[in-house]
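The values are calculated or read from the model by the stated rules, or taken from the named source; none is laboratory data. No experiment lies behind these values; they were computed from the predicted model shown. We place every Cβ from the backbone using ideal geometry, glycine too, and count neighbours over all the protein chains shown.
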Amino acid sequence: MRVKADETPFTNASFCINITYPEKGFIEDNDAKDIDYEELLETMQGGADASNEYREEAGYERIELLGWASKPFYDEETKKLHWPKELKFGDYEGPNILNYNIRILGRRGYLQLNAIGEMLVMQDVKNNISPIIASVNFTRGNTYSDFDPDMAEVAAYGIGGLIAGKVLLKAELLAKFGILLAKFCKVILITIAALLGGFKKFFSKKQEG
């Protein structure tokens, strides 16, 4: 976790940045240029509404995704993805919460940086985000361009799925499952046809004999 030099997590820090590394596989970015971020936001809000029903049943407060805190963007050259979200927690009457998400793509997974604070610090985060993400990167051999299909797996989702999380991931997995199922069924049908053809020839020879 990173905070400003004159702040600590134990004082009233303006914002903090949580840094983790999920090794989820190589994420293909060929869908990045085609993403409709407003449509993606609506999908994510629908997923948030559905999950809030379970949160309330479990006794937790709602977390509402109000919208983008600023427009998401993907830097294809540096392989860095930004999507700041504005959140509201339950009945909290103070400022809404900023969750500024950054992902730095690598060959086996991604560095995950989440800047968290009140919406009041949005400009402060923007002013400081460039040197922060410049100081956090992959070592040689582990960058996005170092990807080797024989050494690492490709993730089941692209840039859109990385942003939307489980909501879009489920849709993408279902689509891929449908393709695999169609291929599988085709193989099964060909196998059955071959077996039937073999039985037909077998019984034909038996009758001739």
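Among the residues of region 93-107, those that are closer than 24 Å to residue 32 by Cα and touching a helix residue (DSSP H, G or I) at 6+ places or on another chain (Cβ under 9 Å) comprise 98, 100, 101, 102, 103, 104, 105, 106, 107. Taking region 109-128 as the range and being touching a strand residue (DSSP E or B) at 6+ places or on another chain (Cβ under 7 Å) and closer than 30 Å to residue 148 by Cα as the test, the residues that pass are 110, 111, 112, 113, 114.
Filtering 65, 81 for residues that are in a strand (DSSP E or B), at pLDDT 95 or above and surrounded by 15 or more Cβ atoms within 10 Å (Cβ to Cβ) leaves a single hit, 81.
Scanning region 28-37 for any residue that is assigned to a helix (DSSP H, G or I), modelled with pLDDT of 90 or more, in the same structural domain as residue 76 (by TED's automatic domain parsing) and surrounded by fewer than 11 Cβ atoms within 10 Å (Cβ to Cβ) turns up at least one such residue. Considering the conditions (1) out of contact with any helix residue (DSSP H, G or I) (no Cβ under 8 Å at 6 or more places or on another chain); (2) farther than 14 Å from residue 129 by Cα, residue 18 is excluded by exactly one of them, (2). Scanning region 107-129 for residues that are more than 23 Å from residue 87 (Cα to Cα) and either part of a loop (DSSP other than H, G, I, E, B) or more than 17 Å from the chain's Cα centre (by Cα) (or both) yields 107, 108, 109.
Look at (1) over 17 Å from residue 128 (Cα atoms); (2) free of Cβ contacts under 8 Å to residues at least 40 places away in the same chain; (3) in a loop (DSSP other than H, G, I, E, B) and you find that residue 49 fails only one, number (3).
Could you please find all residues in region 80-99 being free of Cβ contacts under 8 Å to residues at least 60 places away in the same chain and touching a Leu at 6+ places or on another chain (Cβ under 9 Å)? The answer is 80, 84, 85, 86, 87, 88, 95, 96, 97, 99.
A single member of 189, 168, 195, 173 is at pLDDT 50 or above, in a helix (DSSP H, G or I) and farther than 16 Å from residue 109 by Cα, and it is 195.
Each row is one residue, and each column tells you yes or no for (1) more than 14 Å from the chain's Cα centre (by Cα); (2) farther than 20 Å from residue 42 by Cα.
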| site | (1), (2) |
| --- | --- |
| 61 | yes, yes |
| 68 | yes, no |
| 72 | no, no |
| 83 | no, no |
| 86 | yes, no |
| 93 | yes, yes |
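Taking each residue of region 1-30 that is touching a residue at least 60 places away in the same chain (Cβ under 8 Å) and looking for partners that are aromatic (Phe, Trp, Tyr) and surrounded by fewer than 15 Cβ atoms within 10 Å (Cβ to Cβ) with beta-carbon atoms closer than 8 Å, six or more apart or interchain, yields nothing.
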